Amino acid sequence: MFTSRTNWQLHPNPYTQALEEHRRSGGEILDLTASNPTECGFDYPQEEILSALADPRSLAYHPESKGLAEARRAVAGYYEGRAGFSPSAAPVDPDHVLLASGTSEAYSHVFRLLCEPGDEILVPAPSYPLFEFLADLADIRLVPYPLLYDHGWQIDLVSLRAALTPRSRAVMVVHPNNPTGSFVKPGEAAELAGICAARDMAIVADEVFLDYTNAPHPAQTFALHDAALTFTLSGLSKISLLPQMKLAWTVVSGPHSLAKTAVERLEIIADTYLSPGTPVQLALPKFLALRHGLQSQVRRRISENLSVLDAALAESGVVTRLDFEGGWYTVLRVPVTRTDEALAIDLLQRCSVLVHPGHFFNFPRDGFLVISLITLESEFQEGVRRLRDCLAAG
């Protein structure tokens with residue numbers, strides 16, 4: 001009765017089972033995986049957020065397939081003054097912006113635009129596990145290309161080239177990557193553009209964490225990129241810490257004729273669903289304006305938690321933190337005494353500390369844990385202390 005594309009493993013894995021059992025028992029949990037900013041103690045300007053949703057125009061329905069014009073202009077304004085990977089690229093054109101209810105939907109639209117069933121998208125590894133489900137639903141294959149760690153993360157371009165086949169339709173980049181926190185470097189972006197342009201492939205760039213960089217200057221964006229057909233995805237979830245508002249976008253850039261055709265076809269796909277709600281589209285300019293105060297809180301939290309983590313690890317001797325350049329996750333290198341999943345379960349059961357095992361993010365081998373840097377400071381400090389002590393005890 002059901003399609004093979006949804007024939008997923010529906011039974012909880014041992015890690016999930018252990019977490020459910022721990023919660024049922026009423027055990028304490030120091031959550032070092034916190035990813036929902038609305039539950040991390042940030043000070044939201046509640047009145048301004050709610051008033052932005054009270055626009056009387058929300059009572060009328062005037063659908064636009066790409067999204068309301070003023071919302072798309074606000075997205076274009078978000079990129080003003082930023083540096084792109086193509087210095088000659090024109091500013092973001094609001095007509096090349098398409099709104100969606102989230103980046104997952106935006107991915108679905110782009111996959112449907114680019115791929116026939118069975119076609120392939122190259123994706124970085126390590127990276128976020130959501131992509132596998134999106135690929136299954138789009139009837140396409142994900143082909144991983146490695147990110148290597150050697151005094152920082154870098155794309156293994158040799159392996160990426162070796163992974164190309166006649167069915168390769170796009171290269172996906174996560175900029176900065178989740179969970180490695182690594183940005184695509186200018187030389188890598190140029191190399192990817194050359195590969196894609198020569199093979200009639202596209203670049204799909206996920207930039208949801210773009211604003212969270214350790215550098216003193218903003219990161220370069222793929223939205224200002226014209227060397228190859230490029231789809232840049234982002235949204236309110238991370239930029240304005242508003243995942244519940246469910247609004248994201250795709251910016252289309254690249255050679256004029258290709259970008260024009262892509263927008264025309266994406267517009268029909270978007271018109272088929274018309275999923276973004278009117279109230280949040282009307283509120284988008286205000287929500288983007290509010291991002292500065294919210295992001296400053298996140299940056300302070302990341303900085304403070306990072307200092308706590310580094311101080312604790314300095315006393316450890318058995319755990320190291322890998323370099324990261326942005327985002328709000330970090331990767332720990334730990335001794336390989338068992339699988340990462342078994343280690344994460346042991347830390348939960350023995351020390352009440354919740355961490356992500358590295359294999360959830362498609363790390364090539366054991367010995368990696370992933371933690372969030374936006375956990376409440378007091379919980380983070382105690383969780384890191386216990387993590388250090390439990391790992392030292394073996």
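Values quoted throughout were computed directly from the atomic coordinates according to the rules given, and no laboratory measurement underlies them. Just so it is clear, the model here is predicted, and its values are computed rather than measured. Cβ: placed from backbone, ideal geometry, glycine included. Neighbour counts: every protein chain shown.
List Trp328, Trp8 from most exposed to least, where exposure is judged by having the fewest other Cβ atoms within 10 Å.
Listed from fewest to most nearby Cβ atoms, that is Trp8, Trp328.
In a Gaussian network model over the chain where Cα atoms closer than 10 Å are linked, find which of Gly367, Gly181, Gly152 has the largest mean-square fluctuation.
Most flexible of the set in this elastic network: Gly152.
Using only Cα atoms, what Kirkwood radius does the range 61-289 have, in angstroms? It would help to have the intermediate numbers written out before the result.
Working: mean 1/r = 0.0570 Å⁻¹.
Hydrodynamic radius (Kirkwood, Cα pairs) of the range 61-289 is 17.6 Å.
Rounded to the nearest Å, what's the spacing between the alpha carbon centres of the range 281-355 and the range 370-390? Just the number, please.
8 Å
Just to be sure I understand: of the beta bridges DSSP finds with both ends in the chain, what percent are antiparallel, rounded to 5? Each step should come with its number before you reach the end.
Working: 23 of 44 bridges.
Within the chain, antiparallel bridges account for around 50 percent of the total.
In the chain, which cysteines lack any other cysteine Cβ under 4.7 Å from their own?
That list is Cys40, Cys115, Cys196.
Describe numerically, in nm with one decimal, the distance between label points set 7 Å from Cα along Cα→Cβ at Glu191 and at Ser257.
3.0 nm
If each residue of separation counts as 0.36 nm, what is the full-extension length gain between Ala289 and Glu116 once their alpha-carbon separation is subtracted? Before the final figure, lay out the partial values.
Working: separation 173, 0.36 × 173 = 62.28 nm, distance 3.91 nm.
Working it through step by step, the gained length comes to 58.4 nm.
Along the principal axes of its C-alpha atoms, what lengths does the chain span, in descending order and rounded to whole Å?
Principal-axis extents of the chain (Cα, largest first): 61, 53, 53 Å.
On a 22 Å Cα-Cα criterion, which of the cross-link pairs Lys66/Lys185; Lys66/Lys286; Lys185/Lys286; Lys66/Lys246; Lys238/Lys286 come out too long?
Working: Lys66/Lys185 31 Å; Lys66/Lys286 19 Å; Lys185/Lys286 32 Å; Lys66/Lys246 15 Å; Lys238/Lys286 15 Å.
Those over the limit are Lys66/Lys185; Lys185/Lys286.
Name the shape class, rounded, prolate or oblate, that the alpha-carbon gyration tensor gives for the range 336-394, where a ≥ b ≥ c are the square roots of its eigenvalues, rounded holds for a/c under 1.5, and otherwise prolate holds if a/b is larger than b/c and oblate otherwise.
Numbers: a/c = 2.25, a/b = 1.35, b/c = 1.67.
Here the range 336-394 falls in the oblate category.
Starting with the fewest neighbours, write out Lys238, Lys260, Lys286, Lys66 ranked by other beta-carbon atoms found within 10 Å of each beta-carbon.
On the way: Lys238 25, Lys260 14, Lys286 17, Lys66 21.
Fewest-to-most ranking of Lys238, Lys260, Lys286, Lys66: Lys260, Lys286, Lys66, Lys238.
Quick check: the distance between the Cα centres of the range 117-180 and the range 196-273, to the nearest angstrom?
The two parts, judged by their Cα centres, are 16 Å apart.
If you count the DSSP beta bridges with both ends in the range 61-289, what percent of them are antiparallel, to the nearest 5? Numbers along the way, then the final one.
On the way: 13 of 32 bridges.
The answer is about 40 percent antiparallel.
Nothing charged except the Cβ atoms of Lys and Arg (+1) and of Asp and Glu (-1): what's the magnitude of the dipole of the range 147-226 about its Cα centre? Round to the nearest 20 debye.
Dipole size: approximately 280 debye.
For an R0 of 22 angstrom, estimate the FRET efficiency from the Cβ-Cβ distance between Leu148 and Ala215 and round to the nearest 0.05.
Working: r = 21 Å, r/R0 = 0.95.
The computed FRET efficiency comes out at 0.55.
Express the relative contact order of the chain as a whole percentage, based on alpha carbon pairs under 8 Å and six or more residues apart in sequence. List each step's numbers first, then the result.
Numbers: 727 pairs, mean separation 95.0, N = 394.
Contact order relative to length: 24 percent.
Full extension from Leu306 to Glu264: what is 0.36 nm times the residue separation minus their Cα-Cα distance, to one decimal in nm? Walk me through the intermediate numbers first.
Values: separation 42, 0.36 × 42 = 15.12 nm, distance 4.48 nm.
Using 0.36 nm per residue and subtracting the Cα-Cα distance, I get 10.6 nm.
Over all directions, what mean area does the Cα convex hull of the range 57-144 project, stated in square nanometres? Numbers along the way, then the final one.
Numbers: hull surface 32.1 nm².
Mean shadow area of the hull around the Cα atoms is 8.0 nm².
Say R0 is 22 Å: what FRET efficiency, to the nearest 0.05, do Ser159 and Ala83 get from their beta-carbon distance?
0.20
Calculate the FRET efficiency for Arg23 and Glu48 from the Cβ-Cβ distance with a Förster distance of 35 Å, rounded to the nearest 0.05.
Working: r = 35 Å, r/R0 = 1.00.
For Arg23 and Glu48, the calculated efficiency is 0.50.
Please order Ser372, Ser253, Ser88 by the number of other Cβ within 10 Å, starting at the fewest. Write out the running numbers ahead of the final one.
Values: Ser372 24, Ser253 30, Ser88 8.
Ordered by Cβ neighbours within 10 Å, fewest first: Ser88, Ser372, Ser253.
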